[in-house]
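One structure below.
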Amino acid sequence: MARERRTKKEIITAKIEAIDEKITGYANKIAALTDEKEGLQAELEELASAQKKAEEEAKTKEVLKIIKDKNISIDDLKKLIENS
């Protein structure tokens, strides 16, 4: 069986189609990686927010401990803040 000879135009067209298929594949990979990146960025933001909240809670506990240790009432604390 003899092979059918392709024209130069058909060869170039086939190469263009192959390149288009690769571009589509890469575009899909880029979209998937972009989604993954956005998910990781959101996770990072959640971690930063949780860390900030934990630091604020630690500071609040420290202030409460000082208030209890010094036996300061809420009224005394308000006066201290107002006079500063």
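The values are calculated or read from the model by the stated rules, or taken from the named source; none is laboratory data. None of the values given here were measured: they were computed from a predicted structure. Glycine gets a Cβ as well: all are built from the backbone with ideal geometry, and neighbour counts include every protein chain shown. For accessibility, only protein heavy atoms count, side chains too; no ligands or nucleic acids. Shrake-Rupley method; radii C 1.70, N 1.55, O 1.52, S 1.80 Å.
With a cut-off of 13 Å between beta carbons, the residues surrounding Ala31 carry a summed charge of -1, where Lys and Arg count +1 and Asp and Glu -1.
Going from most exposed to least, what order do Ser84, Ser49 have by accessible area with a 1.4 Å probe?
Values: Ser84 125, Ser49 75 Å².
Listed by decreasing accessible area, they come as Ser84, Ser49.
Here the chain is treated as a sphere whose radius is the Kirkwood value from Cα pairs; by Stokes-Einstein at 20 °C and 1.002 mPa s it diffuses with a coefficient of 109 µm²/s. Within the listed set Glu45, Glu17, Glu55, the residue fluctuating most in the Gaussian network model of the chain (springs between alpha-carbon atoms under 10 angstrom) is Glu17. With helices as the sole contributors, the chain gives -31500 deg cm²/dmol at 222 nm; each DSSP H run of n ≥ 4 counts as -39500 (n - 2.57), and the sum is divided by every residue.
If you put +1 on each Lys and Arg Cβ and -1 on each Asp and Glu Cβ, how big is the dipole of the chain around its Cα centre, in Debye rounded to 20? Walk me through the numbers before you get to the answer.
Numbers: 18 positive and 19 negative charges, 122 e Å.
Roughly 580 debye, rounded to the nearest 20.
For the chain, the longest principal axis of the C-alpha atoms and the axis of helix 8-69 are separated by about 10°.
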